[in-house]
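For reference, the structure is listed below as structure tokens.
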Amino acid sequence: MKVYADYAATTPVKPIVTERITEILTNHYGNPSSIHSIGRDGRKYLDQSRREIATILGANVNEVIFTSGATEANNTAIKSVARMNKSKGKHIITSRIEHHSVLNVFEELEHEGFNVTYLNVNHEGIIDLEELKHALTNETTLVSIMLVNNEVGTVQPLFEIAELLEDKDVMFHVDAVQAIGHMKIEFKELPVDMLSITAHKFGGPKGIGALLVKQGTQFMPYIHGGEQELKRRAGTENVPYICGMATALKDTYEHMDQNNIHLMKLKEQFLVGLEENAIPFELNGSMVNTTGHITNLYFPFIEVETMLTLLDMSDIYVSSGSACTAGSTLPSHVLEAMFGKDNRIKQSIRFSFNAVTTEEEVQYMIATITKIYQQFKEEENE
Ligand SMILES: Cc1ncc(COP(=O)(O)O)c(C=O)c1O
């Protein structure tokens, strides 16, 4: 049996999405900015997909700016707000557990002279609202906090964060990449100014995403050139992938409730199964403020590289953290923020499931981990 359990890194493209992309690539190749009928045909599909995505996410059509993915969306949002409001203040806030497409942007802005507060998190990976409250000053112009963490699955208290910003002139950006498909996003109801998404986490292709920007928000483009996306993001729109993203989002939303039940069941099955087999492990994250798709576990009996290799040899494909750090032996900055420089961060694995993950696959993972543990115990007794 082969088990892919790294869906937080990326998901396979849904067959209906591939079909849609192929159809648009083949038959509707017009440049949406061309005024002849072939161009207008391309524009029609672009507009239709924008409407679909906006409707599903509860946004206005003009609030959707297509980007090459969430890295670009995060870069755009953070740099736009920070640089535009420089004269008002140079203090910006984020958390220690953000994805590198946020953290490295803040580091870059620090080099430009911005003052950055990196909020700490508790053992469950949740920020401290009191710390945020005290960090806010008259100089603060931006808070960027992710909704769902990509390594441990913890959900941040978005509404409570927004409440602290309510009477302040502070922009709130949210990286919602890992939330899409697991939580209902109604952009107009959310007290946030900007929100990033990427298609490849919900059955769409890599290299396409969007930044949602509330109407009336001051905005500075990150990529300059043509007048696409209402002059907010230059470059010919990737119409086939945008249509693919719309199809993936539609399909994901249609099945979201049943998928979430399925994922929570699998998570429970996984944890109970390991417990019943007396495997020593601890959960990194929260049992309550969490999504079903990510389960990060600390196995105190084995180093992460050894565990990953043994799982790989049994055709189980998982990772030690985000895809950016998975290829290296760098310890996870998320786990380090949660537990400090503890051995735990070198002995933890992220399992991430998807709607297509089966109970049999979870059972196979439990059996394989049990075998690995038994082998460890035998070696220990030799
Ligand atoms: C939380 C989070 N933010 C941002 C990104 C970056 O998205 P993209 O791969 O579209 O640049 C990822 C994907 O790895 C992610 O998990």
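The values are calculated or read from the model by the stated rules, or taken from the named source; none is laboratory data. Note that the structure is a prediction, hence the values are computed from the model and not measured. Note that each Cβ is placed from the backbone with ideal geometry, even for glycine, and that neighbours are counted across all protein chains shown. Only protein heavy atoms, including side chains, enter the accessible area calculation; ligands, DNA and RNA are left aside. Shrake-Rupley method; radii C 1.70, N 1.55, O 1.52, S 1.80 Å.
The rows are residues; the columns are (1) modelled with pLDDT of 95 or more; (2) more than 18 Å from I208 (Cα to Cα); (3) of a type outside the set (A, V, I, L, M); (4) not assigned by TED's automatic domain parsing to the domain that holds G204.
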{"site": "N31", "(1), (2), (3), (4)": "yes, no, yes, no"}
{"site": "S37", "(1), (2), (3), (4)": "yes, yes, yes, no"}
{"site": "Y45", "(1), (2), (3), (4)": "yes, no, yes, no"}
{"site": "E52", "(1), (2), (3), (4)": "yes, no, yes, no"}
{"site": "G58", "(1), (2), (3), (4)": "yes, yes, yes, no"}
{"site": "N62", "(1), (2), (3), (4)": "yes, no, yes, no"}
{"site": "I65", "(1), (2), (3), (4)": "yes, no, no, no"}
{"site": "N74", "(1), (2), (3), (4)": "yes, no, yes, no"}
{"site": "I78", "(1), (2), (3), (4)": "yes, yes, no, no"}
Subject >> Index of the failed condition, P191 passing every other in (1) open to solvent by 50 Å² or more (accessible area, probe 1.4 Å); (2) farther than 18 Å from I56 by Cα >> reply: (2)
Original post:
So which residues in the range 181-239 are among the charged types (D, E, K, R) and either more than 14 Å from the ligand (Cβ to nearest atom) or in contact with a Lys or Arg (Cβ under 8 Å, 6 or more places away or on another chain) (or both), if there are any at all?
Top reply: K184, E186, K188, E189, D193, K214, E227, E229, K231, R232, R233, E237
**OP:** Of all residues in the range 329-374, count the ones that are more than 19 Å from E124 (Cβ to Cβ) and modelled with pLDDT of 95 or more.
**Re:** 22
**OP:** Would you please list the contacts, defined by Cβ atoms under 6 Å and residues six or more apart or on different chains, that run from a residue in the range 163-183 that is in a helix (DSSP H, G or I) to a residue that is of a type in the set (D, E, K, R) and surrounded by fewer than 24 Cβ atoms within 10 Å (Cβ to Cβ)?
**Re:** L164/K133
Original post:
farther than 22 Å from A355 by Cα, assigned to a loop (DSSP other than H, G, I, E, B) and within 16 Å of the ligand (Cβ to nearest atom), is that true of V152?
Top reply: no
Subject >> Members of the range 77-121 that are part of a helix (DSSP H, G or I) and open to solvent by less than 30 Å² (accessible area, probe 1.4 Å) >> reply: A77, I78, K79, S80, V81, A82, S101, V102, L103, V105, F106, L109
Original post:
Taking Q363 and the conditions (1) open to solvent by 20 Å² or more (accessible area, probe 1.4 Å); (2) over 17 Å from V152 (Cβ atoms); (3) free of Cβ contacts under 8 Å to residues at least 60 places away in the same chain; (4) not acidic (D, E), which numbered condition does it fall short on, given that it satisfies the others?
Top reply: (3)
**OP:** With respect to N31, determine if the residue is open to solvent by 80 Å² or more (accessible area, probe 1.4 Å) and over 23 Å from the mean Cα position of the chain (by Cα).
**Re:** no
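Here is a yes/no grid of residues against (1) buried (at least 21 other Cβ atoms within 10 Å of the Cβ); (2) assigned to a helix (DSSP H, G or I):
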| site | (1), (2) |
| --- | --- |
| S196 | yes, no |
| H200 | yes, yes |
| K206 | no, no |
| L211 | yes, no |
| G216 | no, no |
| M220 | no, no |
| I223 | no, no |
Original post:
Right, F301: farther than 21 Å from H182 by Cβ, more than 18 Å from the chain's Cα centre (by Cα) and either part of a strand (DSSP E or B) or aromatic (F, W, Y) (or both) or not?
Top reply: yes
Subject >> Number of the condition not met by L263 [criteria: (1) away from the ligand (no atom under 16 Å from the Cβ); (2) open to solvent by 10 Å² or more (accessible area, probe 1.4 Å); (3) touching a residue at least 24 places away in the same chain (Cβ under 8 Å); (4) over 17 Å from N62 (Cα atoms)] >> reply: (2)
Original post:
In the range 165-181, what count of residues is obtained for those that are open to solvent by less than 10 Å² (accessible area, probe 1.4 Å) and of a type in the set (V, I, T)?
Top reply: 2
Subject >> Residues (of a type in the set (G, A, S) and away from the ligand (no atom under 11 Å from the Cβ)) located in the range 64-111 >> reply: A77, S80, A82, S87, G89, S95
Original post:
Do the conditions hold for S314, that is, is it touching an Asp or Glu at 6+ places or on another chain (Cβ under 8 Å), assigned by TED's automatic domain parsing to the domain that holds K346 and under 29 Å from V152 (Cβ atoms)?
Top reply: no
Subject >> Tabulated pairs, the range 3-24, first among the hydroxyl-bearing types (S, T, Y), second part of a strand (DSSP E or B) and open to solvent by less than 60 Å² (accessible area, probe 1.4 Å), C-beta under 8 angstrom, 6+ apart or interchain >> reply: Y7/S352
Original post:
Which is assigned to a loop (DSSP other than H, G, I, E, B) and within 17 Å of the chain's Cα centre (by Cα), of N296, N354?
Top reply: N354
Original post:
Which residues, counting only those in the range 255-270, are within 14 Å of M365 (Cβ to Cβ) and either in a loop (DSSP other than H, G, I, E, B) or over 23 Å from the mean Cα position of the chain (by Cα) (or both)?
Top reply: Q269
Original post:
For the range 225-251, how many residues are open to solvent by 30 Å² or more (accessible area, probe 1.4 Å) and out of contact with any Asp or Glu (no Cβ under 9 Å at 6 or more places or on another chain)?
Top reply: 10
